[in-house]
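*Asks:* First, the structure itself, so that you have it in front of you.
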Amino acid sequence: MPRIEFIPNAARKTQGLTGSNVQQFRDDPYRSCARETGQNSNDARLKDSEACTPAVPVRLEYNLLSIAREDLPFADEAAETVSACLSESIRRCASRGGNPEKHPEVRFFRRAAETLSADVIQVLEIADFNTTGLTGPFDDPGSVFNSLVKADGDNNKQNADSGGSFGIGKNAAFAVSDLQTVLYSTLTEHEGVSAFACQARFQLISHERDGKPFSAEGYWGEANFYAITEPGGLPDWLVRSDRGTSIFAVGFRQDEQWAGRMALSIITNFLRAIMDGQMEFSIDSGRYRINRGTLAGYLKDSELEKIAEETGQRNALHRTRDIYSCFTSGVSETLTLPTGKTRGAQLRILVADDLEQPRSVLIVRNGMYITDNLRDFGDAFRTFSGTRPFVAVLEPGPDEDGRAFSEFLKRMENPEHDNFSAERLDDSREIREARAQVRKLAKTVREAIRSAAGVRESESTSLDELARYFQGDPQQAENAKANERDPERFRTGRARRTKARRPEPESTKGDTGGSGTSGGQSGGTGGGTGQGTGSGTGGAGTRGQAKEIAISGKRCRRQAPDAAFTHRIFFTPRASVTAAIRIDASGLTRPTRLTLANADKGRIARGLLVLDLVEGERQSVSLSFAEPYDGPVEFSSFSLEEGNAA
């Protein structure tokens with residue numbers, strides 16, 4: 001007869017709700033649950049030889065079930081356990097002089113008691129198909145089944161390059177349960193015969209029942225903590241009819257946007273696996289059907305955009321759109337990077353002006369997005385001077401070298417699956433070697449990006465025309481007086497042999513004639529320097545001065561620390577014109593120009609932001625500086641159109 005058993009606590013060790021690995025997923029439980037369960041199912045995919053057809057995608061369904069209380073086999077026992085935990089939480093709070101009405105554990109168990117007393121209990125079912133299921137033997141502590149259901153900080157995944165490494169992600173399903181209780185049901189094969197198993201796990205607090213101390217960890221199943229292996233007598237909703245695994249979060253913490261939040265998580269995390277036809281998803285009884293054919297529509301879905309804004313996932317959605325463009329544009333460049341242990345790395349680069357998070361390097365492993373930097377190896381991939389807007393996707397290739405590279409990355413991947421660090425390796429020698437390999441990889445990535453997206457000499461020459469609009473920069477004048485070369489005035493391109501000459505103060509006459517269409521016309525730009533006439537076709541002239549364009553409603557806001565850009569500016573132009581936006585550090589003795597590194601619209605030229613403005617149209621631009629800066633700023637706008645030069 002199945003029953004609930006908690007592990008005895010002979011040491012009377014105090015265990016609270018925050019002592020489990022569940023709490024790290026509470027910040028965004030729906031996103032975490034979709035990501036972690038999706039990854040586990042992807043790792044359990046049937047190999048082609050096991051599937052009847054080639055390249056069968058893993059399919060996951062996330063459905064909300066309304067289960068009558070009498071159809072939850074352990075409802076009464078669970079209610080008694082929750083009552084004991086509630087009493088224990090009140091006792092602990094009182095002994096510490098706290099207010100039970102405000103204590104989080106007391107409130108948790110009161111809510112749990114209400115959930116279990118209802119006539120209908122909400123359950124989230126997460127069912128996968130075209131997977132191996134949780135293989136046994138079910139009484140073997142080292143089996144895949146027991147690794148998922150019972151193990152802590154351990155996993156038994158058969159693939160060396162699988163998504164998970166630490167066995168912690170399994171706890172994400174508990175984070176969407178108001179009971180911190182999860183049921184597992186699987187149908188698999190053992191020695192060529194179908195095998196069924198079912199068991200539930202509770203993660204509560206240490207407590208006493210009938211004068212006996214118990215730990216926070218308990219199970220529902222056969223005696224002595226064994227799984228149920230005979231489906232007879234179980235309600236139909238718990239019994240699998242197809243090979244695979246079903247996970248049930250009992251007492252589902254239901255939010256009105258739960259389905260959309262999970263859909264957004266799936267799209268932003270598993271884009272590559274979906275694009276390759278490796279995974280398909282159905283959420284809320286088919287409300288969202290995400291596969292290779294529907295993916296493009298969901299990337300532009302207005303409801304998901306709204307959810308992304310409200311839940312702080314806007315950057316994740318924009319990043320995902322750029323990855324999608326990189327693989328579907330038809331004009332991206334694909335490179336295999338032959339670099340030691342990382343020789344299986346594949347880099348795809350798209351250069352385009354309409355990217356939402358330009359100048360980004362995005363790293364994908366096992367079909368899942370991981371991070372946009374290699375900060376722990378000395379390269380945050382934040383600044384790419386002298387490049388056009390691009391997005392680069394770095395991922396393991398599809399061959400044996402690629403699988404070896406994926407395994408190499410997996411060993412350095414953190415439990416949250418959002419960073420890599422060599423410190424996670426086993427010994428100091430291996431750590432040094434890995435650091436050297438990844439630093440070399442980062443350098444190779446930068447070289448490839450520079451080759452594909454670098455500003456050519458002809459482009460840099462045309463950008464040089466911007467200089468005439470900003471000759472009044474006081475810092476440039478100071479540099480000239482101090483006989484220092486101004487790095488902001490260097491141009492990219494082939495070096496030219498010139499005679500050394502002493503820098504002189506800036507002059508507005510006689511040094512830039514030559515590029516006008518007629519001699520002496522003001523505003524021309526040529527190759528002459530110093531006194532005299534330029535070398536262009538026009539005559540000597542007077543340097544044109546930039547006309548400042550009035551802008552109103554200026555605001556600047558710091559972005560979140562993990563955002564793709566550091567600042568966001570807002571303003572409304574008073575004229576329709578192509579303009580250069582200049583940012584200065586304010587609050588100093590005199591304004592000091594800040595050099596821009598990148599922005600989410602327009603283009604960066606000589607550290608300035610170039611935009612096409614429309615009179616009265618509110619502008620919002622995210623940007624980052626070439627050097628870290630946290631102080632106040634001022635910004636101004638100057639026309640780049642010839643008719644506006646004075």
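Coordinate-derived values only; no laboratory data. Model, not experiment: these values are computed from the prediction. Ideal geometry is used to build each Cβ from the backbone, glycine not excepted, and the neighbour counts take in all protein chains shown.
*Asks:* If you place +1 on the Cβ of every Lys and Arg, -1 on the Cβ of every Asp and Glu, and leave all else neutral, what size is the dipole of segment 256-311 about its Cα centre, to the nearest 20 Debye?
*Replies:* Numbers: 7 positive and 9 negative charges, 44 e Å.
Rounded to the nearest 20 debye, it is 220 debye.
*Asks:* Segment 548-639: D in µm²/s via Stokes-Einstein (Kirkwood Rh, Cα pairs, 25 °C, 0.890 mPa s)?
*Replies:* On the way: Rh = 13.3 Å.
Roughly 185 µm²/s, to the nearest whole number.
*Asks:* Set Lys and Arg Cβ to +1 and Asp and Glu Cβ to -1, take the dipole of segment 203-361 about its Cα centre, and tell me which of Leu337, Trp237, Ser360 lies farthest positive.
*Replies:* The listed residue farthest towards the positive side: Leu337.
*Asks:* Still on this structure: Taking every pair of Cα atoms in segment 256-311, average 1/r, invert it to obtain the Kirkwood radius, and report Rg/Rh to two decimals. Let's see the in-between values first.
*Replies:* Working: Rg = 10.5 Å, Rh = 11.2 Å.
Answer for segment 256-311: 0.94.
*Asks:* Another question, if that's okay. When the convex hull of the Cα atoms of segment 208-326 is projected onto a plane and the area is averaged over all directions, what value comes out in nm²? Walk me through the numbers before you get to the answer.
*Replies:* Working: hull surface 46.2 nm².
Computing the convex hull of the Cα atoms and averaging its projections yields 11.5 nm².
*Asks:* Can you give me the distance in nm between label points at Arg12 and Ala296, each placed 7 Å from the Cα along the Cα-to-Cβ direction?
*Replies:* Distance between label points: 6.8 nm.
*Asks:* Still on this structure, I have one more. Pop the C-beta distance of Ala560 and Glu433 into the FRET formula with R0 = 41 Å and round what comes out to the nearest 0.05. Could you put the intermediate results ahead of the total?
*Replies:* Numbers: r = 35 Å, r/R0 = 0.85.
Taking R0 as 41 Å, the efficiency between Ala560 and Glu433 is 0.70.
*Asks:* Specify which residue in the list Ala296, Met275, Ser285 is farthest towards the positive end of the charge dipole of segment 256-311, using unit charges on the beta carbon of Lys, Arg (+1) and Asp, Glu (-1), about the Cα centre.
*Replies:* Met275
*Asks:* May I pose another question? How high is the relative contact order of segment 548-639, in percent, counting Cα pairs under 8 Å that sit 6 or more residues apart? Don't skip to the end; give the middle numbers.
*Replies:* Details: 216 pairs, mean separation 34.3, N = 92.
Taking the mean separation of contacting Cα pairs over the length of segment 548-639, I get 37 percent.
*Asks:* Could you tell me the largest-minus-smallest coordinate of the C-alpha atoms of segment 329-450 on each of the three principal axes, in descending order and whole angstroms?
*Replies:* 44, 29, 26
*Asks:* With charges set only on the Cβ (+1 for Lys and Arg, -1 for Asp and Glu), what does the dipole of segment 329-450 come to about its Cα centre, in debye to the nearest 20? Please report the intermediate quantities before stating the final value.
*Replies:* Working: 20 positive and 21 negative charges, 96 e Å.
Its charge dipole is roughly 460 debye.
*Asks:* Of Val393, Ser421, Val445, which is farthest towards the positive pole of segment 329-450's charge dipole, taken about the Cα centre with +1 and -1 on the beta-carbons of Lys, Arg and Asp, Glu respectively?
*Replies:* Of the candidates, Val445 comes out farthest on the positive side.
*Asks:* Right, next: Nearest 20 debye, what's the magnitude of the dipole of segment 548-639 about its Cα centre given +1 on Lys and Arg Cβ and -1 on Asp and Glu Cβ?
*Replies:* Numbers: 13 positive and 10 negative charges, 18 e Å.
Charge dipole of segment 548-639: 80 debye, to the nearest 20.
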